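The values are calculated or read from the model by the stated rules, or taken from the named source; none is laboratory data. Given the structure is predicted, the values throughout are model-derived calculations rather than measurements. Virtual Cβ from ideal backbone geometry, glycine too; neighbours counted across all protein chains shown.
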Amino acid sequence: MPGVDDAPDCLFCRVVAGQVPATILRSSDRVLAFRDVNPQAPTHVLVIPREHHPDVGRLAAEDPDTLAELVREAAQIAADEQLDAFRLVFNTGSDAGQSVFHVHAHVLGGRAMRWPPG
């Protein structure tokens, strides 16, 4: 079973393994979605693959079916949260704001989003 054995020091692998509490919204064999503990918008949900992949580029190369499911789940979360508009963000690398090196999509909504983002 994927989880903490994939990367024992990875926070999100520990979430998958049930070792770190999270408010789970959606779960499948391949992905898990939970509320961000430091929300940046009224709706801020993280969608992660259960298996450890350090960033979205690696996930796309190694398991494109899981990436597609992750995006579908993000869209379903936006629908479940009744968002008319939302932002889906993947940060890759420290300079882009990635702080947990287990790929995760941020589903952000419930307020106007500005451009450029940061």
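Numbers for the structure displayed
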| read-out | value |
| --- | --- |
| Single match in VAL37, VAL100 (criterion: surrounded by fewer than 22 Cβ atoms within 10 Å (Cβ to Cβ), aliphatic (A, V, I, L, M), assigned to a loop (DSSP other than H, G, I, E, B) and touching a helix residue (DSSP H, G or I) at 6+ places or on another chain (Cβ under 8 Å)) | VAL100 |
| Those residues of segment 59-74 which are surrounded by 14 or more Cβ atoms within 10 Å (Cβ to Cβ) and not hydroxyl-bearing (Ser, Thr, Tyr), in sequence order | LEU59, ALA60, ASP63, LEU67, GLU69, LEU70, VAL71, GLU73, ALA74 |
| Test for LEU32: is it touching a Gly at 6+ places or on another chain (Cβ under 7 Å) and either buried (at least 20 other Cβ atoms within 10 Å of the Cβ) or in contact (Cβ under 8 Å) with a residue 40 or more places away in the chain (or both) | no |
| Any hit, segment 59-71, residues being part of a loop (DSSP other than H, G, I, E, B) and more than 13 Å from LEU108 (Cα to Cα) | yes |
| Failed condition for VAL20, given (1) surrounded by fewer than 18 Cβ atoms within 10 Å (Cβ to Cβ); (2) at pLDDT 95 or above; (3) closer than 26 Å to PRO117 by Cα | (3) |
| Any hit, segment 50-57, residues being hydrophobic (A, V, I, L, M, F, W, C), free of Cβ contacts under 8 Å to residues at least 60 places away in the same chain, assigned to a helix (DSSP H, G or I) and buried (at least 17 other Cβ atoms within 10 Å of the Cβ) | yes |
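Conditions tested, residue by residue: (1) under 25 Å from LEU83 (Cα atoms); (2) of a type in the set (Asp, Glu); (3) in contact with a strand residue (DSSP E or B) (Cβ under 6 Å, 6 or more places away or on another chain).
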| site | (1), (2), (3) |
| --- | --- |
| ASP9 | no, yes, no |
| PHE12 | no, no, yes |
| PRO21 | no, no, no |
| ALA41 | yes, no, yes |
| ALA61 | no, no, no |
